[in-house]
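What follows is a single structure, written as structure tokens, with notes after it.
The values are calculated or read from the model by the stated rules, or taken from the named source; none is laboratory data. Not measured: the values here are computed from a predicted model. Reconstructed Cβ throughout: ideal geometry from the backbone, glycine too, with neighbour counts over all protein chains shown. Keep in mind that these areas ignore ligands, DNA and RNA; they rest on the heavy atoms of the full protein, side chains included. Shrake-Rupley method; radii C 1.70, N 1.55, O 1.52, S 1.80 Å.
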Amino acid sequence: MVGRSLYLSLAVASVFAHAPAESSAQPRPLTWHGGPAQLDIRPAGGHSVRVTLRPVGFETEFPFTPALDADLTYPDPVISLREIGAGVEGRVGNLEVTVRPDPLSVTVRNAEGEAVQTLVFREDGQVGFDVGDAPVLGMGEGGPQPGDDWRTNHEVEFDRRGRFHEMRPRWQSNAYGSRNPVPLLIGTEGWGLFVATPWVQVHLPEEGSGIFIPWERPDEPAPATEEGGQYEAAVQGRPPASQPTDVFDIFVFDGHDPAALMRDVAYIAGAAVMPPKWSLGYMQSHRELRDDELTSEALLIDVVDTFRGKRIPVDAVIYLGTGFTPTGWNTEQPSFDFNPEVFDRDPAEVIEDLHDRNVKVITHIVPWRRGRLNTLQGSIPVKLGESLDASHIFTYWQEHVPLVRTGVDAWWPDEGDWFDLFERVKRHQLYYQGPLWSRPNVRPWSLHRNGHLGIARWGGWVWSGDTQSTWKTLEAQVAVGINHSLSLSPYWGSDTGGFYTTGEFTGELYARWFQFSAFNPSFRSHGRIWRLRLPWGWGLSDWGFPEGQRDLPPESALDDERIETVTRKYAELRYQLIPYTYTLVREAYDTGMPLMRALWLHYPQDEQARGIGSEYLWGRDLLVVPVFEEGARVRELYLPQGTWYDWWTNEAEDGGRTVTRAVDLATMPIYARAGSIIPFDPVRQHMEEEVDGPTTLKVFAGADGDFTLYEDDGISLGYLQDRGTWTRMTWKDAQRLLTLEPGGPEGAVNFLPEDREFRIELLPGGETRVVRYTGSRVVVRF
């Protein structure tokens, strides 16, 4: 990982090497919002600049936004203007910048002379920019609701062009996901823009000029929706009321190298902290618990025992609160008191029993309604000068502490839709700093419905909200997850199977969604009629209480014992791939690259790959192709340039083309890139289980390749000091040589193994070697 101070010093070094050169034309004062203004342009990262236009006399250089890392300092501006003649040119960091008057515009090019972006500041306070003619991605989570079917669902959710984006954050049940907009636009032609201030709406045509339109009334309430729509609509969906509207603060990123863009976004917003390893395992949510059924904690224990008895991996169980289900873990929400109707014994004893079964316990929490918890502010621990009142997050965290002492491991903070942007980010901070205060050196985990750029430094796990159990929704979730991962945080997931049960919900739909979720950062089943979200639920004689659902699955779909076999297969695959996936988590922290990756991130020159939102890369080396058509027997998919191997058959396919893959219910297409090295473990039932057998390194021949396996204890904060185990693996295809040796960043504490065994499998042939690795360089010849 490039250190933050070093990263900034590289940018500063070029600042002083290139001073701007102004023309000799008669200068005129800059104006903005009807008054004198100052334009500042400074480096923001290795391949980005920060452009700030503000009134003269504004109290700070740029206004505060929780999206940015407050601990990061920026150099003085390279270009700073209160008046301008014919134009100004200068090198700002690694980018070339030109400022011109009439209208005031800022053009950015990279060191190779390639156009990045042009901003045009209009007299009406709006700001124009170049859209280009390639897909524009990112912009947070959520998009059009069902009915916007002028394109296929994944295209509607993927390419953001062709629409006016209101950018109103809100919960909405009849959409493909909650709306968590982020004004971070990623143009696949090679640019990125993030508007830090003010809150803007975005006019984004198919091509030509886009426009950022500042909200005139940032505290305007969102309208109520007809279908279940919104809680407390009069106070919901608020952009931050405290953001100034007379300052325009925007970051411009050079996106010709997508990895550099993602690194710079993570740099300004803060690195994505690593979650506990167990959170990458499967999580089972409990919802509908009938009074005549759950009179003790027996069901809580029985479900876990069933997972263990059926040999289906699971790492956590989640319990909803009362009010969201007839009898939840607590008394009526919002409450921090255990429900005496559920717990016959001391709750600590029940949680200890669950821990003895190697599952973590997650409780569903909603915030106190407005009036009691009117806002969120402060830090944990409390900083000097903070007001320790009812709105301080330390005060609110104290109500959670008894649950921590009882053994609760993690949190599902639901609702909060009435919070504005500042409060939503602050809530993520609450559920990161609070648990660390109670359990130092134990990584926190929490799952939220609300988020924005900047939450990754507080954990940043978000799920797509209360979606419908339909095939169209599953299709759209693929693109929703890709765009979330590009512009909000690396950690996303959905309710496997969808939340609201519909007549479309069958075992087939659940199995297809489960396959997709096995390649989401958050792997969790949840929804109304919760038994149908159990891996074995489609073979039960009684699927339980319908919870007021009017549109129910056909009874003929309820006896489908195939589903348990399929879900077990993909749960096992998730756990077998954990060495690979956990390394991706470290990459997210080090580089800003998400786990779910748009094809564009690794194939920016492939014009067809840029616009594909129906498949994605899981890390660099695996291509995941979800199936979202009912009764599908084939899946058409695109393979990027190079050679790709079918995961299930090891057959090679030439890339740069569309292929058709036959599928059955048990098959979701997965492909491995030639040259990839995929670490693959024996099946385990939970993350902490010690398995009998070595890690297999699947080496896919046909190209040179490398992979650096990362491992650590999975729970402590040692990774923040680069304490872990890095094993660099290099494959030379022509020589048929695999090299294993220590890796890791400079200055890392690399805990080298005393004696470790790897099984190496060369594919597609299947030739194997077993090698002992003790931390010294080893060369394996095939």
In the list Pro77, Pro36, which residue meets the criterion of being under 19 Å from Val127 (Cα atoms), open to solvent by 10 Å² or more (accessible area, probe 1.4 Å) and in contact with a strand residue (DSSP E or B) (Cβ under 8 Å, 6 or more places away or on another chain)? Pro36
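Can Gly465 be described as closer than 26 Å to Pro444 by Cβ, open to solvent by less than 10 Å² (accessible area, probe 1.4 Å) and within 13 Å of the chain's Cα centre (by Cα)? Full working, then the answer.
Numbers: closer than 26 Å to Pro444 by Cβ: yes; open to solvent by less than 10 Å² (accessible area, probe 1.4 Å): yes; within 13 Å of the chain's Cα centre (by Cα): no.
So Gly465 does not fit the description; no.
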Please work out which one of (1) under 21 Å from Leu488 (Cβ atoms); (2) more than 22 Å from the chain's Cα centre (by Cα); (3) at pLDDT 90 or above; (4) among the aromatic types (Phe, Trp, Tyr) is the condition Phe253 fails and give its number. (2)
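Could you please let me know if Thr667 is under 26 Å from Arg562 (Cβ atoms), of a type in the set (Val, Ile, Thr), surrounded by fewer than 16 Cβ atoms within 10 Å (Cβ to Cβ) and free of Cβ contacts under 8 Å to residues at least 60 places away in the same chain?
Judged against the criteria, Thr667 is not a match.
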Which members of region 40-68 meet the condition of being open to solvent by 20 Å² or more (accessible area, probe 1.4 Å) and closer than 24 Å to Gln117 by Cα? His47, Arg54, Pro55, Glu61, Phe62
Selected residue (criterion: modelled with the lowest pLDDT) from residues of region 292-331 that are surrounded by fewer than 19 Cβ atoms within 10 Å (Cβ to Cβ) and acidic (Asp, Glu): Asp292
Filter region 642-656 for residues that are surrounded by fewer than 18 Cβ atoms within 10 Å (Cβ to Cβ) and among the aromatic types (Phe, Trp, Tyr) and give the result. Trp648
Selection from region 524-533 of residues that are surrounded by fewer than 23 Cβ atoms within 10 Å (Cβ to Cβ) and not in a loop (DSSP other than H, G, I, E, B): Arg531
For region 547-558, state whether one or more residues are under 20 Å from Leu300 (Cα atoms), in a loop (DSSP other than H, G, I, E, B) and modelled with pLDDT under 95. yes
Please verify whether region 190-208 includes one or more residues that are at pLDDT 85 or above, farther than 30 Å from Ala115 by Cα, touching a Phe, Trp or Tyr at 6+ places or on another chain (Cβ under 8 Å) and open to solvent by 20 Å² or more (accessible area, probe 1.4 Å). no
Residues to consider are Trp397, Trp418, Trp463; find the one that is more than 22 Å from Phe336 (Cα to Cα) and of a type in the set (Phe, Trp, Tyr). Trp463
From (1) within 28 Å of the chain's Cα centre (by Cα); (2) modelled with pLDDT of 95 or more; (3) buried (at least 16 other Cβ atoms within 10 Å of the Cβ), pick out the condition that doesn't hold for Pro742. (1)
Go through the residues of region 19-40 one by one and say whether even a single one is modelled with pLDDT under 85 and under 30 Å from Ser487 (Cα atoms). no
Cross-chain or 6+ apart pairs with Cβ under 7 Å, region 250-276 first and of a type in the set (Ser, Thr, Tyr), then open to solvent by less than 10 Å² (accessible area, probe 1.4 Å): Tyr267/Gly45
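Could you please let me know if Asp346 is more than 24 Å from the chain's Cα centre (by Cα), modelled with pLDDT of 90 or more, closer than 19 Å to Ser285 by Cα and among the acidic types (Asp, Glu)?
When the stated conditions are applied, Asp346 does not pass them.
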When the residues of region 388-431 are narrowed to those that are within 19 Å of the chain's Cα centre (by Cα) and basic (Lys, Arg), which ends up most open to solvent (accessible area, probe 1.4 Å)? Lys426
Can you pull out every residue in region 96-116 that is part of a strand (DSSP E or B) and out of contact with any Asp or Glu (no Cβ under 6 Å at 6 or more places or on another chain)? Glu96, Val97, Val99, Arg100, Leu104, Ser105, Val106, Thr107, Val108, Ala115
Inside region 98-133, can you point out the residues that are more than 27 Å from Arg160 (Cα to Cα), crowded, with 17+ Cβ neighbours inside 10 Å and either of a type in the set (Asp, Glu) or in contact (Cβ under 8 Å) with a residue 40 or more places away in the chain (or both)? Val99, Pro101
Considering only strands (runs of 3 or more DSSP E) fully contained in region 43-94, which possess at least 2 residues that are within 26 Å of the chain's Cα centre (by Cα) and at pLDDT 95 or above? 48-55
Identify the residue in region 745-782 that is touching a Ser or Thr at 6+ places or on another chain (Cβ under 8 Å) and in a loop (DSSP other than H, G, I, E, B) and, among all such residues, is least open to solvent (accessible area, probe 1.4 Å). Pro753
If you take the residues in region 698-724 that are open to solvent by 20 Å² or more (accessible area, probe 1.4 Å) and either among the β-branched types (Val, Ile, Thr) or more than 28 Å from the chain's Cα centre (by Cα) (or both), which one is nearest to Ser776 (Cα to Cα)? Thr708
Of everything in region 332-352 that's buried (at least 17 other Cβ atoms within 10 Å of the Cβ) and not hydrophobic (A, V, I, L, M, F, W, C), which residue is nearest to Arg528 (Cα to Cα)? Gln333
